[in-house]
Amino acid sequence: MISDSKKLFEEIFSEEIISNESFRSKVLAGIVAFLIVIVLLISLVFKEQFKDVSQFPIIIQLTLIILGVIFVRALFVSRGAKNWNRYGVKAFIAIRYINAFIEISIPTVVLIIYSFKLPSVYPLFTPLALLYFLIIMLSSLELDFKLCVFSGSMAAIQFLTIAYFLSIKPTPSEEINKISFFPSYIGTAALFFISGHTAGLITNRIKKVLVKYYKVQSERNEIQRLFGQQISKEIVDELIDNKYQLQSRLRFAVIMFLDIRNFSIYAQDKSPEEIISYQNNVFSFIIEIINRHKGIVNQIMGDGFMAIFGAPIQHENDCQLALNAAIEIHKTLKAKNESGEIPETKIGIGLNAGEIVTGNVGAENRKQYSVTGRAVIVAARLEQLNKEFNSELLISKEVFQRVTLDGLKPLKHFQVMIKGHSEPIEVYQII
């Protein structure tokens, strides 16, 4: 159970990483769009103040062009990230690191471009230098410690390198006196403001992953509690994926009753350990076959059980699935008998289809998914009729009309009376 939970968490975690790649690019696009608006406002509000600074219009234009490129790239990555995993695990990891390197290099490119227009270390004091901080923060959405360390390390190396070269650059004092840093402070404040929102988005995203895992695991536990261990992982996943509510309702389904013949005679001179071992050897492969054909073993009753096809989830042709399962059970059992893998065993199977009532029955702390109705009773009677007809598989007319027999030639039994019913029914002997 622990290993299944871990595997489930890893599957959900992997899906969220892929989703987060797209999400973080959208967040980056949103941040850049916000910065574009701020730069435009600064250029308009402080136009007069910077009219004597020859480089001001060029810096504003460069900033808008750079932000525009970043914005378009972020949208492109957001769309393409969902397809990265199709290239395989190793390629996906490599793409993530390459993307992280490109993103963390964006502020470096911006500072290099600014260095041609601003004196000395002044590019380091511009608000866009703080993009390092935001991109590192966004890397936490990767939910990957190594990738976050990689982003931080690359940012530190690139910032120190550009800072070193800018620090040895000459500083023309006449240009410095013309520059007011107040607009830069406004840009910095804006980045601080949006940083808080970014941190909130990251927190909510991580919380969403944990809540999703808890919800899925809770649903899985509830389903397995209702059905016991006679339900396959595939059926559990299908119930969760369809967000199926196990409410009481009337539905069309196929009921299978299976019984081991002469079980009481076999068990007369056997120890309890031998009896249980025999039951496990026989039922294990039978239940596996039923699960594979999207059926659910609802009740095990000593030497037999009842299975359902079409509840709680309906499929395209549950009658065909149930018949295919019954035929495969017969063939597999015959092979195991002939190989001596199990003691000589004979079974009887009855299949009937019709409307049944399904729902959770029991006390609050102990419920079971229950099915009732005439269709259930008829299926049980068909299984018992195998003794009378010396057969192994009987199906009702309701099942026969909905299946393809693929070369099998059934024996039709007309007007068969069954216990508890006044009207006779048509029965088809398949095996």
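The values are calculated or read from the model by the stated rules, or taken from the named source; none is laboratory data. Quick caveat, the model's predicted, so the values are computed rather than measured. As a convention, Cβ positions derive from the backbone with ideal geometry for all residues, glycine included, and neighbour counts pool all protein chains shown.
Within region 388-417, which residues are of a type in the set (D, E, K, R) and modelled with pLDDT under 90?
388, 406, 409, 412
Being outside any helix (DSSP H, G or I) and among the charged types (D, E, K, R) is the filter here; which residues of region 246-297 pass it?
Selection gives 249, 251, 259, 261, 269, 270, 294.
Would you check which residues across region 100-129 are within 14 Å of residue 167 (Cα to Cα) and either of a type in the set (A, V, I, L, M, F, W, C) or within 38 Å of the chain's Cα centre (by Cα) (or both) and list them?
Residues satisfying the conditions are 111, 112, 116, 118, 121, 124, 125.
If we keep just the residues of region 386-422 that are of a type in the set (A, V, I, L, M) and not in a loop (DSSP other than H, G, I, E, B), which is nearest to the chain's Cα centre (by Cα)?
The selected residue is 399.
Only residues that are without any contact (Cβ under 8 Å) to a residue 12 or more places away in the chain and either basic (Lys, Arg) or surrounded by 19 or more Cβ atoms within 10 Å (Cβ to Cβ) (or both): list them for region 100-152, please.
146
Identify, by number, the condition in (1) surrounded by 15 or more Cβ atoms within 10 Å (Cβ to Cβ); (2) at pLDDT below 80 that residue 34 doesn't meet.
(2)
Would you check if residue 267 is without any contact (Cβ under 8 Å) to a residue 12 or more places away in the chain, crowded, with 16+ Cβ neighbours inside 10 Å and out of contact with any Gly (no Cβ under 8 Å at 6 or more places or on another chain)?
Criteria met by residue 267.
Can you confirm whether region 341-351 contains a residue that is over 24 Å from residue 313 (Cβ atoms), assigned to a strand (DSSP E or B) and modelled with pLDDT of 85 or more?
Yes: region 341-351 contains one or more residues that are over 24 Å from residue 313 (Cβ atoms), assigned to a strand (DSSP E or B) and modelled with pLDDT of 85 or more.
I'd like to know if region 309-325 contains one or more residues that are in the same structural domain as residue 377 (by TED's automatic domain parsing), in contact (Cβ under 8 Å) with a residue 60 or more places away in the chain, outside any helix (DSSP H, G or I) and surrounded by 21 or more Cβ atoms within 10 Å (Cβ to Cβ).
yes
Could you tell me whether any residue of region 282-290 is free of Cβ contacts under 8 Å to residues at least 40 places away in the same chain and among the β-branched types (Val, Ile, Thr)?
yes
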